[in-house]
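Read through the structure below, which is laid out as structure tokens, and then see the notes.
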Amino acid sequence: APAAAQACAGLAAMCAEPSSQATVTEAGGVEALVRAVADGDPSAPAAGHAAAALGHLTYGSPAHQERVRLAGGIAPLIQLLVIGPGEPAAEQAARALANICDNNAANL
């Protein structure tokens, strides 16, 4: 769905800016992004944008890493790796997973 891809791309851009991350998380963005990864076609642009947003959000942020884990985000990101090898979403999922686990033993 083009609208979902545009929404996830917009959230990815917001998550890349530390000053916008609180706005995204307070509005339920983490949960929405996890749903977009879990429910989407791994080859669809929305899945890649959602994974990129989660990667931006979790970079160097234990609080956001924990929030993604609690929202159930780790398993759907792993599924992007399994289901979509060679897809751009798989690369974004790998980055997000690396960030989620970085210096966070609870998420390993």
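Nothing in this text is a laboratory measurement; each read-out follows from the coordinates by a stated rule. Computed from a predicted model, the values in this text were never measured in an experiment. Ideal geometry is used to build each Cβ from the backbone, glycine not excepted, and the neighbour counts take in all protein chains shown.
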Based on DSSP H runs of at least 4 residues, each adding -39500 (n - 2.57), what is the mean residue ellipticity at 222 nm of the chain after dividing by all its residues, to the nearest 500 deg cm²/dmol?
-23000 deg cm²/dmol
Mind putting a number on the dipole of the chain about its Cα centre? Charges go on the C-beta only, +1 for Lys and Arg and -1 for Asp and Glu, and I need it in Debye to the nearest 20.
100
What percent does the relative contact order of the chain come to when contacts are Cα pairs within less than 8 Å and at least six residues apart?
29
Pick the calculated Cα Rg over 2.2 N^0.38 Å for this structure from (i) 1.13; (ii) 1.08; (iii) 0.93?
(iii)
Got a sec to turn the phi values of the stretch 30-35 into Karplus ³J(HN,Hα) couplings, 6.51 cos²θ - 1.76 cosθ + 1.60 with θ = phi - 60°, whole Hz, x for Gly and Pro?
4, 5, 5, 5, 4, 4
